[in-house]
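J.: Pasting in a structure now, in structure tokens, and then I'll have a few things to ask.
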Amino acid sequence: MNSPASVVSAKNLGLTFETGDGPVHALTGVDLDIKKGDFVSFIGPSGCGKTTFLRVIADLEKHTSGSIEINGMTPENARLARAYGYVFQAAALYPWRTIEKNIALPLEIMGFGAAEQKQRVEQMLDLVNLSGFGKKFPWQLSGGMQQRASIARALAFDADLLLMDEPFGALDEIVRDHLNEQLLKLWDKTNKTICFVTHSIPEAVYLSTKIVVMSPRPGRVTDVIESTLPRERPLDIRETPEFLEIAHRVRQGLKAGHSYEE
Amino acid sequence: MTSLFRDRILPVLTVIAAILVIWHVFVIYLNAPFVRDQAARAGETISLSQIIERTFAQERPILPAPHQIVAELWDTTINKAVTSKRSLVYHAWITLSATLAGFGMGTVLGITLAIGIVHNRAMDRSLMPWVIASQTIPILAIAPMIIVVLNSIGISGLMPKALISTYLSFFPIVVGMVKGLRSPDTLLIDLMHTYNASRAQTFWKLRWPASMPYLFTSLKVAIAISLVGAIVGELPTGAVAGLGARLLSGSYYGQTIQIWAALFMAAGLAALLVSIVGYAHVRVLKRMGVKP
Ligand SMILES: Nc1ncnc2c1ncn2[C@@H]1O[C@H](COP(=O)(O)OP(=O)(O)OP(=O)(O)O)[C@@H](O)[C@H]1O
Ligand SMILES: [Mg+2]
């Protein structure tokens, strides 16, 4: 039995893509337990199955072995219950909708009333610091603003689980720092569970309560690091010895995964 | 203002001037033999300048001079009541109504088929080859049969012509709309999936708006060939009204000026229809917030 606080619980999870030139083992033997309120980062070299794992959680991809439960349900039932919000690597805004219409999209689909939609959109715009940009079309916004709009869209219907696939991957360091800080505040305020894919070690350490280090061919989890950092994290926590030590462990984990290939 | 003249108007004027020059040369070249024949039969000897002068004033020239066509257009549009059978406006309206009816039906048919093809695998497999095959049959071969068959079951007038227009115009719409409805990025479709959106919601909120640029591009092609279809539909029956009928009766009686006037009317109509669709295209995309 799962403890009730488990949001994602994977047991010996595997996913093999059957492709034209043989099977691709995107995930093998993944055991992972994510508790409510966790901020979990997934880090690992390209092709190690990070996106695939999020897509299995989201029921966009079906696992081929083992088991996985989301809030004690199958991924499909969790999706039908609209248990999560998904932020893709690209902002994926609808170009013909204004920013506020984009944020309202899931609300329209889920049948929220007009007044509630309006109120939530306002609230979300405020949350991601985009008040005043609601009437703009996506192309009128910078890449960072678009990404914030897409986060607002994922948050609009207030799912408890947030899946984020390299949401800040394409942004510059300064914007990224700023968004990291905001994301942490948001997480602290709302007590959501967040699964966050990144390629950046400092980003992973700064944000997470739990860091999942993965390695490719076949995609698997090589290390799970519980962070000892406090919940309250100013940006300069990244200069503390404690931070650097965790970063070091992540780096070791990544190296160990890599040596497998050589 | 000056740049508008230099960049837009001047090139167009240059081309028109070149065409007019070439046209006049051909008028002289093509009509001269007949002028010489006539003179020889009448036993008169005429100078070159007289020949040239007469090539521009023939009643049934092989190639009418531009001013003759303009005069005919003026005469048959402005000087005749629009209800008169001798008014080109009347004939143009007959053809236009069949064009618009056929275009409307073709659009509805095309969009309906495209929706079916995109949403249903069996329809995709079974229908698409037929849609393509339908366009390999030359319209000139099939038009008389459509007219005759429909006439025999008592359908005549506008409907058979409109059906030929439909037959031609649904094709670009199907092809364009299938492409357009399939155009959204997989990421956007995945997003709909994560919201557990119904097929109808995915259609109206994603596929339909994404297909708009494709739809309008197809509509521009479709409206032009609808007009062609309506004119072709007027030819085989020897219809008494419509631009096609004017072309036909013109060629019966060697009325080349009448033929050219009808041709110009058809071309003008096509240009007008295409620009109306083009204007709608711009307006719709603007409302959809497309980057200018
Ligand atoms: N639809 C698919 N069909 C076949 N193979 C796939 C498919 N999706 C992913 N893969 C393969 O599965 C493996 C894991 O891919 P995944 O996208 O999860 O990697 P990732 O860790 O997200 O990489 P990146 O950091 O580059 O985004 C890769 O080898 C990839 O080629
Ligand atoms: Mg990825």
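J.: Give me the one-decimal Kirkwood hydrodynamic radius in Å for chain B, with the sum taken over alpha-carbon pairs.
T.: 22.5
J.: Using the alpha carbons of region A:101-180, what is the convex hull volume per residue in cubic angstrom, as a whole number?
T.: It is 98 Å³ per residue.
J.: About the Cα centre of chain B, what is the dipole size in debye to 20, counting +1 per Lys and Arg Cβ and -1 per Asp and Glu Cβ, all else neutral?
T.: So the dipole magnitude of chain B works out to roughly 880 debye.
J.: Between A:N77 and A:S131, what length comes free when the chain is fully extended (0.36 nm per residue of separation minus the Cα-Cα distance, one decimal in nm)?
T.: Here the answer is 16.0 nm.
J.: Next question, about the same structure. Fully extended, how many nm does the chain gain between B:A141 and B:R6 (0.36 nm per residue separation, minus their Cα-Cα distance)?
T.: Here the answer is 44.0 nm.
J.: Then there's this: What residues have an amide H closer than 5 Å to that of B:Q135, excluding those fewer than 5 places away on the same chain, when H is modeled at 1.01 Å from N in the peptide plane?
T.: Under 5 Å from the amide H of B:Q135 lies no amide H from a residue far enough along the sequence or on another chain.
J.: Arrange the following residues from fewest to most other Cβ atoms within 10 Å of their Cβ: B:M265, B:M288, A:M164.
T.: Going from least to most buried by this count: B:M288, B:M265, A:M164.
J.: Relative contact order for chain B using alpha-carbon pairs under 8 Å, separation at least 6, rounded to a whole percent?
T.: After rounding, I find 21 percent.
J.: Can you give the calculated 222 nm mean residue ellipticity of chain A, where each DSSP H run of n ≥ 4 adds -39,500 (n - 2.57) and the sum is split over every residue, rounded to the nearest 500 deg cm²/dmol?
T.: -11500 deg cm²/dmol
J.: Could you tell me which of A:Y84, A:I174, A:G20 has its Cα farthest along the dipole of chain A towards the positive end, charges placed at Cβ (Lys, Arg +1; Asp, Glu -1), taken about the Cα centre?
T.: A:Y84
J.: Suppose each label sits 7 Å from its Cα in the direction of the beta carbon; what would the A:A5-B:V108 distance come out to in nanometres?
T.: Roughly 6.3 nm, to one decimal.
J.: With 10 angstrom as the radius, rank A:L163, A:L125 by how many other C-beta atoms surround their C-beta, starting from the fewest.
T.: A:L125, A:L163
J.: Then there is this: Over all directions, average the projected area of the Cα convex hull of region B:2-62 and note it in nm².
T.: Mean projected area for region B:2-62: 5.2 nm², to one decimal.
J.: Placing +1 at every Lys and Arg Cβ and -1 at every Asp and Glu Cβ, with all other atoms neutral, what dipole size does the protein assembly as shown have around its Cα centre, in debye to the nearest 20?
T.: Once rounded to the nearest 20, the dipole reads 1720 debye.
J.: How large is the direction-averaged shadow of the alpha-carbon convex hull of region B:7-125, in nm²?
T.: About 14.6 nm², averaged over all directions.
J.: On to the next question. May I ask you to evaluate 6.51 cos²θ - 1.76 cosθ + 1.60, the Karplus curve with θ = phi - 60°, for each residue of region A:22-27 and list the ³J(HN,Hα) values in order in whole Hz, giving x for glycine and proline?
T.: Each residue's phi maps through the Karplus curve to give x, x, 10, 7, 6, 9 Hz.
J.: What angle, in degrees between 0 and 90 and rounded to the nearest 10, separates the Cα long axis of helix A:143-155 from the longest principal axis of the Cα atoms of chain A?
T.: 90
J.: Tell me, what ³J(HN,Hα) does each residue in region A:33-47 have, in order and in whole Hz, if you take phi through Karplus 6.51 cos²θ - 1.76 cosθ + 1.60 with θ = phi - 60° and put x for Gly and Pro?
T.: My calculation for region A:33-47 gives 10, 10, 8, 4, x, 5, 10, 10, 9, 10, 9, x, x, 4, x Hz in order.
J.: Okay, next question. Shielding of B:190-202 by partners, i.e. mean partner chain Cβ atoms within 10 Å per residue?
T.: Mean shielding by partner chains, rounded to a whole number: 6.
J.: Of A:K118/B:K205; B:K161/B:K286; A:K62/A:K255; A:K11/A:K36; A:K50/B:K291, which pairs sit farther than 25 Å apart, going by alpha carbon to alpha carbon?
T.: Violating the 25 Å Cα-Cα cut-off are B:K161/B:K286; A:K62/A:K255; A:K50/B:K291.
J.: Just to confirm the number: angle between the C-alpha axis of helix A:99-109 and the first principal axis of chain A, 0 to 90 degrees, nearest 10?
T.: 70
J.: Further question on the same structure: Go through B:M212, B:I155, B:G116 and say which Cα lies farthest out towards the positive end of the charge dipole of region B:88-287; charges sit on Cβ, +1 for Lys and Arg, -1 for Asp and Glu.
T.: The one lying farthest along the dipole's positive direction is B:M212.
J.: Turning to a different aspect of this structure: Can you give the local net charge around A:F39? Use residues other than it whose beta-carbon is closer than 11 angstrom to its beta-carbon, Lys and Arg +1, Asp and Glu -1.
T.: Charge balance in the 11 Å sphere: +3.
J.: From Cα coordinates alone, what are the radius of gyration and Dmax values for region B:72-220 in angstrom?
T.: Rg, Dmax (Cα atoms, Å): 20.2, 66.
J.: Further question: Could you work out the mean projected area of the convex hull around the alpha carbons of region A:69-119, in square nanometres to one decimal?
T.: 4.6
J.: Another question about this same structure. Can you tell me the dipole magnitude for region B:2-62 around its Cα centre, using point charges on the Cβ only (Lys, Arg +1; Asp, Glu -1), in Debye to the nearest 20?
T.: The dipole magnitude comes to about 120 debye.
J.: If each residue's Cβ is checked for other Cβ atoms within 10 Å, how do A:K36, A:K101, A:K50, B:K161 rank with the fewest at the top?
T.: So the ranking, lowest neighbour count to highest, is A:K36, A:K101, A:K50, B:K161.
J.: How many percent of DSSP beta bridges within chain A run antiparallel, rounded to 5?
T.: Counting DSSP beta bridges with both partners in chain A, the antiparallel share is about 55 percent.
J.: Normalised by the number of residues in chain A, what is the relative contact order in percent for Cα pairs under 8 Å and 6+ residues apart?
T.: Dividing the mean separation by the residue count of chain A yields 25 percent.
J.: Between A:V221, A:V175, A:V212, find the one with the highest GNM mean-square fluctuation for chain A; connect C-alpha pairs within less than 10 Å.
T.: A:V175
J.: For chain A, take the longest principal axis of its alpha carbons; what is the angle in degrees between that and the long axis of helix A:241-259, to the nearest 10 within 0 to 90?
T.: Helix A:241-259 sits roughly 60 degrees off the main axis of chain A.
J.: Using the Kirkwood radius built from alpha carbon pairs, what does the Stokes-Einstein equation give as D for region A:130-262 at 25 °C and 0.890 mPa s, in µm² per second?
T.: D = 150 µm²/s.
J.: Also: So for the protein assembly as shown, taking the charge dipole from beta-carbon charges (+1 Lys/Arg, -1 Asp/Glu), which of A:G144, B:T194, B:L63 sits furthest toward the positive end?
T.: B:L63
J.: For chain A, state what percent of all Cα-Cα pairs lands in each successive 10 Å bin, counting from 0 Å until the bin that includes the largest distance.
T.: Values per bin, smallest distances first: 7, 29, 35, 23, 6, 0.
J.: For A:V87, which sequence-distant residues (separation of 5 or more, or a different chain) have an amide H within less than 5 Å of its own amide H, given hydrogens modelled in the peptide plane?
T.: Residues meeting the criterion, in which the H sits 1.01 Å from N, are A:L163, A:M164, A:D165.
J.: Now for a different question. May I ask you to evaluate 6.51 cos²θ - 1.76 cosθ + 1.60, the Karplus curve with θ = phi - 60°, for each residue of region A:159-174 and list the ³J(HN,Hα) values in order in whole Hz, giving x for glycine and proline?
T.: For region A:159-174, the Karplus curve yields 6, 7, 10, 10, 9, 10, 9, 6, x, 10, x, 8, 9, 6, 3, 5 Hz.
J.: Now a separate question. Are there DSSP H segments in chain B that both extend 15 Å or more along their axis (alpha-carbon positions) and score a mean Kyte-Doolittle hydropathy of at least 1.0? List them, or say none.
T.: B:10-42, B:88-119, B:139-152, B:158-181, B:208-234, B:256-287
Every read-out reported here was derived from the displayed coordinates using simple, explicitly stated rules and does not represent laboratory data. Everything numeric in this text was worked out from a predicted model, so none of it was measured. Neighbour counts are summed over all protein chains in view; Cβ atoms, including those assigned to glycine, are modelled from backbone coordinates with ideal geometry.
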